[in-house]
Amino acid sequence: MQLSKSEKFPAMEIANGIVSHISGNHDQDFKIQVVSPGWIHLEVTHPLLAAWLQSLALSTGGQINSKFKICPADTLRRTVQPPQEAQNSKLKLSPSSPSSSSSSSSSSSPSLPHSLTPSSSSSPSSSSSPSSSLFTAQYAHARCCSLVRLAIVEGLIQQGEPNQDDSESSKQRLLSSILTPNPIPWLNCDEKLRFHHPASYRLINELVRVVDSLAFPNLGRSLNWEKAATPLSRAFETFWCKCQIFGEVKTASPELAQARIGLVLATQSVLKFLLEEKLGIIAPYEV
């Protein structure tokens, strides 16, 4: 619509041209609709979102860098490594329509490379006594690690290398060497995400929000990373309280339990990066 004013060209025709380009290159990744007076509604497909979650979940214990890149939808079937090209991760999910997104798109490309190398402008927290919100994030990270360890003990997931001792490095290997299932069974037989509880989608919303902030640090605004970590930590607390992983769920729906552990792994990766790289404090493996 901004181009329409400057170029004196109908907004609907510009929108249709953008949609034609996106559909030609990413037909399996988005469902797209042009709405008057020139809005472009994007619905992210479940396979694309599953591939993105897979790349987060297996991001080797917080060593993220380019691991936050969005993957093409077929990546989940080919390999767990994200491709060289990344796509915009601007998604918005809701429990009633978990893969829906609406955006006005007039100037951005659907394929944007992301770099999560810590910005030189980032100023880690120098406080030796973390605030309550920072402790909440640290506790959430430790809880993620605890749930992953329990999942290994319970046989939901298996690691490639067993721990040799109780050192910090071995604890990190615990989270960076998940062998099976690979890929995590995010999707059911209908190619839809297995999640059905609203708390799952609230957690995914927060993961998307934080990753967007990490992937696009230069948007003309200064981010408070402590405040960015708090909603994610709280969404995770709600998720693990409301969405059972072990017990009856593990017995009756083991693939759902594995998918939920996948969300735990994804959350752990993002929290670790926030705590260590952006806030300059320890991401504890236990408390």
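Each residue of region 229-238 was assigned a 3J(HN,Hα) from its phi angle through the Karplus expression (A = 6.51, B = -1.76, C = 1.60, θ = phi - 60°), giving 6, 5, x, 5, 4, 5, 4, 5, 4, 5 Hz with x at Gly and Pro.
In a DSSP loop and with at most 14 other Cβ atoms within 10 Å, the GluC sites (Glu not before Pro) in region 188-287 are Glu191, Glu286. Taking 0.36 nm per residue of separation and subtracting the current Cα-Cα distance, fully stretching the chain between Glu43 and Cys241 would add 68.4 nm.
No value in this document is a laboratory result; all are computed from the given coordinates. This one's a predicted model, so the numbers in the text were calculated from it and none came from an experiment. Cβ atoms come from the backbone with ideal geometry, glycine included; neighbour counts cover every protein chain shown.
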